[in-house]
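The numbers here are math on the coordinates, done by the rules we state, and not lab data. Quick caveat: nothing in here was measured; it's all calculated off a predicted structure. Glycine also receives a Cβ, built like all others from the backbone with ideal geometry; neighbour counts cover every protein chain displayed.
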Ligand code: NAD
Ligand code: MG
């Protein structure tokens with residue numbers, strides 16, 4: 001029996017993870033559910049999944065969570081705050097952690113899971129972008145298994161099962177749907193709204209990653225994520241726009257062989273791989289009928305219309321604190337865009353401005369990375385205020 005902590009339980013990945021868990025009552029059990037602010041949504045999940053522990057990030061939500069659990073007659077224990085979450089993730093309450101909090105807020109709990117040697121189903125790509133070396137090193141030292149559940153990285157993980165395959169790896173081909181604005185020129189992106197940006201053609205996801213998909217920053221974050229997970233530098237990672245979102249990524253070997261993983265765009269497949277690995281388990285996702293789909297197209301990304309992808313490659317090459325700065329500035333810019341304080345094209349402009357203002361320094365410690373993250377947020381907030389004035 002795997003005892004699973006689902007962090008970000010009320011989100012899109014959280015819902016997919018709980019769906020897979022509920023299909024396997026003999027082998028999977030949700031023992032810890034954690035969410036950010038939405039107490040009612042967390043209580044509803046507790047009534048269905050009856051975890052041992054429920055954690056709300058925001059202290060203000062604690063009394064409502066505690067009283068709601070009591071009123072529902074549940075024995076689930078209520079907790080609040082980062083420290084409580086880290087202690088539960090590191091302790092006996094779980095052996096497996098679905099890391100699906102959005103943004104840099106997911107780093108402390110993901111790191112705690114790595115240090116405690118847990119199996120980590122890693123969706124929270126921002127934690128790798130911010131502190132990839134530290135996180136991978138912590139996982140290695142404690143014997144934690146990281147199974148990426150970002151669909152592209154899960155595909156690569158499935159194509160690279162052992163060290164022998166790794167040795168012959170030539171490059172990684174990361175596929176991208178292109179997002180809702182694929183094919184538009186830069187000047188056609190001026191007035192796009194948050195509603196248009198989060199209407200993703202192929203995947204149903206939370207608002208932040210949906211905007212990242214529309215700017216192609218999501219693919220940029222994934223390039224950095226792939227670098228840390230698979231030890232490949234940016235010059236060996238190629239991004240291919242593949243609008244059907246059926247080929248989730250490919251790996252090319254030195255002998256001319258290319259392997260790909262295909263499937264319907266549904267995150268439950270990647271999550272089931274993470275829970276079952278190295279075995280397979282049913283996910284609720286149907287098989288792929290290639291005859292019904294008919295064709296698979298590939299095209300290069302348009303870096304002029306979508307400069308965020310270029311900025312991410314540059315930040316990876318610059319190294320040190322640059323990816324942390326890129327990620328923090330992007331979180332601020334996306335949030336301002338969703339609040340209609342800035343326009344769509346201001347997102348890459350703000351990220352570039354912040355990267356220029358804060359040149360990279362060595363990412364020698366978690367403290368140095370946290371400091372870079374905080375400085376970048378301050379700078380981007382000020383620039384956002386100026387841009388929206
Ligand atoms: P979402 O917005 O739907 O859900 C985010 C979850 O995080 C919610 O449960 C929210 O309550 C929780 N949360 C936010 N701040 C928190 C905090 N400070 N402490 C604790 N919990 C907090 O987002 P999502 O689409 O599920 O994405 C989650 C992560 O998975 C992101 O890092 C995203 O990039 C990654 N991811 C998502 C998908 C997808 O298909 N949705 C695919 C690949 C990767
Ligand atoms: Mg992805």
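Here is how the numbers come out for the structure above:
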quantity	calculated
Gain in span if fully extended, residue 366 to residue 47, counting 0.36 nm per residue against the direct Cα distance	111.1 nm
When the chain is reduced to its Cα atoms, the Kirkwood hydrodynamic radius in Å	21.3 Å
Residues residue 193 and residue 318, FRET efficiency given R0 of 25 Å [Cβ-Cβ distance, rounded to 0.05]	0.15
Cα centroid separation, the stretch 335-370 to the stretch 315-332 (Å)	7 Å
Within the chain, percent of DSSP bridges classed antiparallel, to nearest 5	25 percent
Inter-label distance for residue 87 and residue 288, nm, one decimal - labels placed 7 Å from Cα along Cα-to-Cβ	4.6 nm
Cα gyration tensor shape for the stretch 319-389, rounded if a/c is under 1.5, else prolate or oblate	prolate
Linear extension gain, residue 388 paired with residue 259, 0.36 nm per residue minus alpha-carbon span	41.8 nm
Separation between Cα centres of the stretch 274-309 and the stretch 167-190, rounded to whole Å	13 Å
Relative frequency of Cα-Cα separations exceeding 24 Å in the stretch 264-389, percent	50 percent
Extension gain, residue 64 back to residue 203 (0.36 nm per residue minus Cα-Cα distance, nm)	46.7 nm
Cα→Cβ-extended label distance, 7 Å offset, between residue 165 and residue 281, nm	2.1 nm
By average C-beta atoms within 10 angstrom, highest first, the peptides 239-249, 95-105	95-105, 239-249
Highest-first arrangement of 28-41, 81-94, where packing means the average Cβ count within 10 Å	28-41, 81-94
Per-residue [θ]222 nm for the chain (sum of -39500 (n - 2.57) over DSSP H runs n ≥ 4, rounded to 500)	-14500 deg cm²/dmol
Kirkwood Rh and Cα Rg combined as Rg/Rh, the stretch 143-222	1.09
Relative contact order [Cα under 8 Å, 6+ residues apart], the stretch 319-389, whole percent	49 percent
Value of relative contact order over the stretch 36-185, rounded to a whole percent, pairs C-alpha under 8 Å and six or more apart	14 percent
Over the stretch 2-148, equivalent-ellipsoid semi-axes from the Cα gyration tensor in Å	24, 16, 13
Expected-Rg normalisation [2.2 N^0.38 Å, Cα atoms] applied to the stretch 90-165	1.04
Packing-based order for 252-264, 318-330, 170-182, using average beta carbon neighbours within 10 Å, highest first	318-330, 170-182, 252-264
